[in-house]
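Visitor: Before we start, here is the structure in question, set down as structure tokens.
Since every read-out is calculated from the coordinates, none of them should be taken as a lab result. The shown structure was predicted, so the numbers you read here are calculated from the model rather than taken from an experiment. Here the Cβ positions follow ideal geometry from the backbone for every residue, glycine too, while neighbour counts run over all protein chains shown.
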Amino acid sequence: MSALVRAARKHPALTPQVRRMSSYSFFQGGKTVDLQASFLSAVPQKTRCLSGSASRVKRVSIEGNIAVGKSTFARLLQSACPDWEVVAEPVSKWQNIESKSSKGADAPPQTTVSNLLQMMYQDPQRWSYTFQTYSCMSRLRTQLQPPPARLLSSKGTPVQVYERSVYSDRYIFALNMFELGCINATEWAVYQDWHSLLVEQFGHQVELEGIIYFRASPQKCMERLRRRGRPEENEVKLDYLDKLHVQHERWLVEKSTEINFEKLKNIPVLQLDASVEFQSDPDVREQLVTKVKNFFNAL
Ligand SMILES: Nc1ncnc2c1ncn2[C@@H]1O[C@H](COP(=O)(O)OP(=O)(O)OP(=O)(O)O)[C@@H](O)[C@H]1O
Ligand SMILES: Nc1nc(=O)c2ncn([C@H]3C[C@H](O)[C@@H](CO)O3)c2[nH]1
């Protein structure tokens, strides 16, 4: 067995499954090349390819209730420091899902666009599970995006800031839908199984170093939600925002949500008061940005 193969089999990024796979191909006639190939394809890409500069880029998500002001605050952060890169929540993807269908061999394919966000709000029993599969997958894609060159060459503290994450997908929304009965016990078990598998397999690539909890009362969020007037959210009730608020508090303040990923259990959380009207007050804006800067520097 070559030194590379020995090292490969001991690598911490290998799952027991891949270790077994490696042994299998090794003992099937010492196919060293296969073993190396399976190792290389199994180790998460970032573990292999992380240059010193990419591993310096910290990853933080902004979490908070619907319409609390995350996107607005994220835009403020984007303009506050060139070392920070904000990655928006992929809402427009959820609103525009293209499907192609063909009525027959000679018929031209028809493209249909559906709004999964609207479908989920209109019929949550029918569409919540589908929504959570798609929202989680699109968040995963977002979190896998490599940092831009600007951040890689930064001499300061480069940070990728995500609006929500694969973790809020599970520990806020999917859990809430399960507790509301919109996702049944089987769907919840299936969701959790594939969610754990994906997060474990992608390993470091989807880990976060910190979370900003942008916090306001559900009443304040309701006011902002109504003012924003997103049509899909017309039927959202205060009771729903109350429930999401409780989920955030359990996860990020009381820490009573059962978490399945070790690093996430002890993640640093910066809590910010989102009820302030920072858009019209430069002093408030500066205070918020300073808190964020100190938080990032300490991660
Ligand atoms: N600090 C603030 N003071 C007053 N209004 C605000 C503030 N922050 C955001 N808003 C307004 O509240 C509405 C919702 O804000 P925003 O879209 O940023 O919320 P969000 O948390 O990103 O929402 P979502 O959960 O849907 O992604 C917008 O109309 C925005 O202009
Ligand atoms: N059910 C459900 N699961 C999610 O993971 C999720 N993430 C966001 N949202 C809703 C909140 C806003 O209306 C809108 C934009 O944030 O999308 C979600 N709804």
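Visitor: Ordered by packing density, taken as the mean number of other Cβ atoms within 10 Å over each peptide's residues, highest first, how do 125-132, 74-81 rank?
Guide: Ranking, from highest mean packing down: 125-132, 74-81.
Visitor: Now for a different question. Within the set K263/K293; K255/K293; K93/K243; K255/K291; K103/K237; K155/K263, which residue pairs have Cα atoms separated by over 29 Å?
Guide: K103/K237, as the Cα separations exceed 29 Å there.
Visitor: What length, rounded to one decimal in nm, is gained on full extension from D239 through to S55, with 0.36 nm per residue of separation minus their alpha-carbon distance?
Guide: Residue separation times 0.36 nm, minus the Cα-Cα distance, leaves 62.1 nm.
Visitor: I've got another one for you. How many percent of DSSP beta bridges within segment 43-185 run antiparallel, rounded to 5? All intermediate terms of the calculation are to be shown ahead of the outcome.
Guide: Working: 5 of 14 bridges.
Taking every DSSP beta bridge within segment 43-185, about 35 percent pair in antiparallel fashion.
Visitor: Sort E63, E254, E89 by Cβ crowding within 10 Å, fewest neighbours at the top.
Guide: Ordered by Cβ neighbours within 10 Å, fewest first: E254, E89, E63.
Visitor: Follow-up. Just order 223-229, 152-158 by mean Cβ neighbour count inside 10 Å, highest at the front, would you? Walk me through the numbers on the way to the answer.
Guide: Numbers: 223-229: 13.3, 152-158: 14.9.
The densest-packed peptide leads the list: 152-158, 223-229.
Visitor: Among F173, F261, which comes first, second and so on when ranked by fewest other beta-carbon atoms within 10 Å? All intermediate terms of the calculation are to be shown ahead of the outcome.
Guide: Details: F173 21, F261 18.
Ordered from fewest to most neighbouring Cβ atoms within 10 Å, F173, F261 come out as F261, F173.
Visitor: Provide, in order from the shortest bin, the percent of all Cα-Cα pairs of segment 163-299 in each 5 Å bin, continuing until the bin that contains the maximum pair distance.
Guide: 2, 8, 15, 19, 19, 16, 12, 6, 2, 0
Visitor: Give me the net charge for the shell around M119: Cβ to Cβ below 12 angstrom, other residues only, Lys and Arg +1, Asp and Glu -1.
Guide: So the environment of M119 carries a net charge of -1.
Visitor: Sort 211-217, 145-151, 287-293, 198-204 for me by packing, meaning the mean count of neighbouring Cβ atoms within 10 Å per residue, highest on top.
Guide: Ranked by mean Cβ neighbours within 10 Å, highest first: 211-217, 287-293, 198-204, 145-151.
Visitor: Segment 230-299 to segment 70-125: how many Å between their Cα centroids?
Guide: So the two Cα centres are separated by 23 Å.
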